[in-house]
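**Student:** This is the structure I have questions about; it appears just below.
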Amino acid sequence: MNKKTKMVEVPSHAIIPERDLDKSPILEISHLGIDFGGLTAVDDFSITVGRTEICGLIGPNGAGKTTVFNLLTNVYTPTRGAIILDGKSTAGKSTAQVNRMGIARTFQNIRLFSNMSVIDNVKVGMHNSIKEGFVSSIFHGMGYFKAEKAAAERALELLDFFGMTDVANDEAGSLPYGAQRRLEIVRALATNPGIILLDEPAAGMNPSETAELMENIRRIRDTFQIAVMLIEHDMNLVMGVCEGICVLNYGKIIAKGTPEEIKANPTVIEAYLGKRKEA
Amino acid sequence: MSNKKNTAMTFGSHVKELAKSDFITYGVVIAAFIIVSIFSSSGLLGRKAAGLLVPVCCYIVMALSLNLTVGIMGELSLGHAGFMSVGAFSGVIASMLLGEVIDNNVIRLAVAILVGAFFAAIVGFLIGIPVLRLRGDYLAIVTLAFGEIIKDLINCLVVGIDKNGLHIIFNFKGDKSAADLNLAEGGKAIIKGAQGATGTDKIATFAAGFVLILIALFIIQSLVRSRVGRAIIACRDNRIAAESVGIDVMKYKMFAFVLSAAIAGSAGALYGANYSNLVATKFDFNTSILILVFVVLGGLGNMLGSVIAATVLYILPEALREFANYRMLIYAIVLILVMILTNNPRLVALREKLFSKVSSVFKKGKKKSESEGGK
Ligand SMILES: Nc1ncnc2c1ncn2[C@@H]1O[C@H](COP(=O)(O)OP(=O)(O)OP(=O)(O)O)[C@@H](O)[C@H]1O
Ligand SMILES: [Mg+2]
C-alpha cells in the first residue's frame, strides 16, 4: 500500500524524494529562527521539501512545530534565516502575499469562518481566483453571475473530493469536529497552493477517521501534485504517510530522515519516545 | 454526471434562497412606503407626523450604513454621526452652490446627496488609515474621538458664496464671523460657525428618502452576496484565517468602512436638505449612540431589523410627547423589552419556530419537487 519512497540527498544536505529530483524544490528553508524575548522558540531550522513530497514535522509538546508553520506563513517575522518558496524569497511579505505565492495551511485550533456556510468557506478560499471586482460586487452584471456560478461549481468539486457536498449549505460551525478539520483542508486547497501545511490534522479523530485522513493526504498529493507538510502526534499516521521526517526538540532539529531512520534513531527515541515513558 | 446536475441545482437553489430573504426586505420597505404615501396624500397624517417622514428615512439609512460597519465588518464605530455631519454640510453647500444653476430640485437634491456621499467617503478613508489598524475597544474609542473632532471642526466652519465662488474660513479662535468672508455684493453666507447653516433651501422629500433607503439596501445586500462581501465577513469571523487564504484584510476593511461612510454621508445630505437651518452639534456622540442602538436592537447584520428598529425607535419618543414626563421612562422600558425579545435564547427559538412554520407553508410545494428530483 505505502510504497517506500527512495530518498536522495541534494546539494543542501537535505533529502527529497527521487521523483522530485529533476524539479526545483518547492520549499528551501535555511537557518530559520525566532526569539520571543529571551526564549529561542526555533533555531537553525533548515530543510528542503520536494515538489510532491509528503513530509512530517514531529516533536514533543512545545518543541516549536506550530511556530515553524507561523514562520513559514509570516504570521511571525523570522529573527534569522531565509525561506525560499518556489524559487522566491518570502522575506518581508505579508501572510496574504505568502499564501498567494503558494503556501496554504490549516490550524491546530480550528479556524473556520464558522458563521458562514460550508460552501462559502471554500469560496473564501478561492478568493484570489474568482474574477469579480469591487464594482461588480455591488452591481451584479453578467460577469458576476458567471463568476459566481463557476465558483460554486469549483467549490462543490473540491467539497466532493472529501465527500462533503451534502453539507455544502450547512453552517460551518455546526459541523462535527472531524468534518471541520476536513473543511479547513478543502479551504486551504481552494487557494491553489504549491504546498499545504497541516497542523495536527488527526487531532481529535477516531482511528477510522485517521485512516481515512491518511488516504486523503496521499490523494491530495497525487491529485493536485503538490507537497504536503504535516505536524502530527499520531505516529501511525506520520510513519505511514510521510516520506521524509524532521524531528524538533526545544526548537532545534535533532534528526532528519526517512521513517525507518527516524524510528531507529536513538536521539529521537530518547527525546521523543523516552519522554512518553516518563509520563 | 450526477455530480454536475447536483452542482447546478445547488447553485440555483442557493441563489433563490438568498434572493428570497433580500426581496422580503425590499417588499417590506416598498409596502411601508406605499401605505404611508396613501395616508399622507389623503391627509390622515398630522403635520407633526409628516415632518418626521424624511428624518426617519435618514436614520434608517444611517442604521443600514452603521450595520455595514458593526454587523458585517464587525468593528464597533462610535463616531458614525460624524460622517452624517460631513454629508449634511457638504450637501448643503453643494445644493446652495447649485441653486442658481439647476432649477430642478430633484436633480439638485440628487447631486447634493452624491456630494455628501463623496466627501464623507474621503473623510472615511482618511480616518480609516489610522483607525483600521486598531482592534476592538481601541478602534471604538478612536472612532468616538474622530466623531467629536469632526463635530468641532464643522462647528468652526464659516462658508459663503458670491459671484467669485466659494469662500471658506475656519473660526478656530472664535474671532471670525461671516463678515470676515469678505463676500462680494450679492454674496451669501451659508454656514456661520457655531450658528451652523442657516437660510438653506428645504428640498428633501419623502420619496427621495424612500429611494435612498432602497439604494442603501441594494448596495449592502448585493455586497454581502459577492466575493468582496464574503472577504469582508471572513475578516470579521477570523482575521488570521482570512489572511491565511490570501485576503488583504486592511484592503477589505477599508472598502467596507469607506462605503459605510459614503452611505452615512448620503443620509446626512438628505437630512441637511430637510431643514432651513442646521447646527453641527446635532451630530454629536448621542446621535452616534442612538444609531448604534438601532443597529444592535435590530440585530447585527440584519438589514430589515435595522429598518424596523430605526423606524420604531425614532418615532416612539416623538409619539410619546403627550406623556410628557413619562416619555423617557416608557422609551427605556421599550428598549429593555426589545432587548429581551431579541436576545433571550428561548424567545429567539420561539420566534424562529413561528417563522419556519409560516415559511414552511410557502415552501411545501417547492420541497416536494426537490425531493422528487433529488435522489
Ligand atoms: N507568540 C509567542 N510568544 C511567546 N512565546 C511563544 C509564542 N508562540 C509560541 N511560543 C513558545 O514557543 C514554544 C513553541 O511553541 P509551539 O506552539 O510552536 O509548540 P508546538 O511544537 O506546536 O507544540 P504542540 O505540540 O503542543 O502544539 C513554546 O514554548 C511556546 O510557549
Ligand atoms: Mg502546535
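**Student:** Only residues that are closer than 12 Å to B:V228 by Cβ, within 7 Å of chain B (Cβ to nearest Cβ) and surrounded by fewer than 24 Cβ atoms within 10 Å (Cβ to Cβ): list them for the range A:124-136, please. Before the answer, list the steps.
**Tutor:** Let us first name the residues in the range A:124-136 that are closer than 12 Å to B:V228 by Cβ, namely A:124, A:127, A:130, A:132-136.
Applying the additional criterion that residues be within 7 Å of chain B (Cβ to nearest Cβ) yields A:124, A:127, A:130, A:132, A:134.
Hits for the range A:124-136 are A:I130, A:E132, A:F134.
**Student:** Shifting gears a bit: Go through the range A:244-255 and report how many residues are surrounded by 20 or more Cβ atoms within 10 Å (Cβ to Cβ) and touching a helix residue (DSSP H, G or I) at 6+ places or on another chain (Cβ under 8 Å).
**Tutor:** Count: 6.
**Student:** Tell me, which residue of the range A:188-215 that is of a type in the set (A, V, I, L, M, F, W, C) and within 12 Å of chain B (Cβ to nearest Cβ) is nearest to ligand 1 (Cβ to nearest atom)?
**Tutor:** In this case the residue turns out to be A:L197.
**Student:** Another question, then. Out of (1) in contact (Cβ under 8 Å) with a residue 40 or more places away in the chain; (2) touching an Asp or Glu at 6+ places or on another chain (Cβ under 7 Å), the odd one out for B:R227 is which?
**Tutor:** For B:R227, the exception is condition (1).
**Student:** Looking at the range A:161-209, which of its residues are among the β-branched types (V, I, T) and under 13 Å from the mean Cα position of the chain (by Cα)?
**Tutor:** Matches in the range A:161-209: A:I185, A:V186, A:T191, A:I195, A:I196.
**Student:** Just the residues that are charged (D, E, K, R) and either part of a loop (DSSP other than H, G, I, E, B) or outside the structural domain of B:G199 (by TED's automatic domain parsing) (or both), please, taken from the range B:65-116.
**Tutor:** B:E75, B:E100, B:D103
**Student:** Kindly indicate whether any position in the range A:161-172 is within 16 Å of ligand 2 (Cβ to nearest atom), part of a loop (DSSP other than H, G, I, E, B) and at negative phi.
**Tutor:** no
**Student:** Separate question: Of all residues in the range A:71-118, count the ones that are away from ligand 2 (no atom under 16 Å from the Cβ), part of a strand (DSSP E or B) and within 15 Å of the chain's Cα centre (by Cα).
**Tutor:** 3
**Student:** Has the range A:172-181 got any residue that is crowded, with 22+ Cβ neighbours inside 10 Å and away from chain B (no Cβ under 11 Å)? Outline the logic, then answer.
**Tutor:** Within the range A:172-181, the first condition is being crowded, with 22+ Cβ neighbours inside 10 Å, and the residues that meet it are A:172, A:181.
Add one more test, that the residue is away from chain B (no Cβ under 11 Å), and what stays is A:181.
Scanning the range A:172-181, I find at least one residue that is crowded, with 22+ Cβ neighbours inside 10 Å and away from chain B (no Cβ under 11 Å), so the answer is yes.
**Student:** State yes or no: is A:E209 among the acidic types (D, E), closer than 23 Å to A:L27 by Cβ and in a helix (DSSP H, G or I)?
**Tutor:** Answer is no for this residue.
**Student:** So, in the range B:130-170, how many residues would count as being part of a strand (DSSP E or B) and either over 26 Å from B:E100 (Cα atoms) or touching a residue at least 24 places away in the same chain (Cβ under 8 Å) (or both)? Please lay out each step first, then the result.
**Tutor:** So in the range B:130-170, the residues part of a strand (DSSP E or B) come out as B:157-162, B:165-170.
Within this subset, residues satisfying the condition of being either over 26 Å from B:E100 (Cα atoms) or touching a residue at least 24 places away in the same chain (Cβ under 8 Å) (or both) are B:157-162, B:166.
Looking only at that region, the number is 7.
**Student:** Test of understanding: among B:S90, B:S85, B:S42, which residue is hydroxyl-bearing (S, T, Y) and within 23 Å of B:P317 (Cβ to Cβ)?
**Tutor:** Details: B:S90 fails: within 23 Å of B:P317 (Cβ to Cβ); B:S42 fails: within 23 Å of B:P317 (Cβ to Cβ).
One residue alone meets the criteria, B:S85.
**Student:** Here's a follow-up. Considering the range A:31-51 alone, what residues qualify as being assigned to a loop (DSSP other than H, G, I, E, B) and touching a Lys or Arg at 6+ places or on another chain (Cβ under 6 Å)?
**Tutor:** A:R51, the sole residue that qualifies.
**Student:** Separate question: Being out of contact with any helix residue (DSSP H, G or I) (no Cβ under 9 Å at 6 or more places or on another chain) and within 8 Å of ligand 1 (Cβ to nearest atom) narrows it down to one residue among A:G38, A:G62; which is it?
**Tutor:** Result: A:G62 is the single residue among A:G38, A:G62 that is out of contact with any helix residue (DSSP H, G or I) (no Cβ under 9 Å at 6 or more places or on another chain) and within 8 Å of ligand 1 (Cβ to nearest atom).
**Student:** In addition: Hey, among A:I185, A:I220, which residue is closer than 29 Å to A:R100 by Cβ, away from chain B (no Cβ under 14 Å) and not acidic (D, E)?
**Tutor:** A:I220
**Student:** Okay, next question. Give just the number: which of (1) part of a loop (DSSP other than H, G, I, E, B); (2) hydrophobic (A, V, I, L, M, F, W, C); (3) in contact (Cβ under 8 Å) with a residue 24 or more places away in the chain does B:V61 not satisfy?
**Tutor:** (1)
**Student:** Within the range A:10-30, is even one residue away from ligand 1 (no atom under 16 Å from the Cβ), part of a loop (DSSP other than H, G, I, E, B), more than 29 Å from A:G240 (Cβ to Cβ) and within 14 Å of another protein chain (Cβ to nearest Cβ)?
**Tutor:** Checked against the condition, which is being away from ligand 1 (no atom under 16 Å from the Cβ), part of a loop (DSSP other than H, G, I, E, B), more than 29 Å from A:G240 (Cβ to Cβ) and within 14 Å of another protein chain (Cβ to nearest Cβ), the range A:10-30 yields no hits at all.
**Student:** So which residues in the range A:239-260 are aliphatic (A, V, I, L, M) and either free of Cβ contacts under 8 Å to residues at least 12 places away in the same chain or within 14 Å of ligand 2 (Cβ to nearest atom) (or both)?
**Tutor:** The one that is aliphatic (A, V, I, L, M) and either free of Cβ contacts under 8 Å to residues at least 12 places away in the same chain or within 14 Å of ligand 2 (Cβ to nearest atom) (or both): A:L248.
**Student:** When A:D120 is evaluated against the numbered criteria (1) more than 7 Å from chain B (Cβ to nearest Cβ); (2) closer than 24 Å to A:R105 by Cβ, which criterion, by number, is the only one it fails?
**Tutor:** Among (1) more than 7 Å from chain B (Cβ to nearest Cβ); (2) closer than 24 Å to A:R105 by Cβ, A:D120 violates only (1).
**Student:** Still on this structure: Starting from residues that are closer than 22 Å to A:G251 by Cβ, surrounded by fewer than 18 Cβ atoms within 10 Å (Cβ to Cβ) and hydroxyl-bearing (S, T, Y), keep the ones in the range A:75-113 and report whichever is farthest from the other protein chains (Cβ to nearest Cβ).
**Tutor:** A:T79
The values are calculated or read from the model by the stated rules, or taken from the named source; none is laboratory data. Note that this is a predicted model, so its numbers are computed, not measured. Cβ coordinates were reconstructed from backbone atoms using ideal geometry, including for glycine residues, and neighbour counts include every protein chain displayed.
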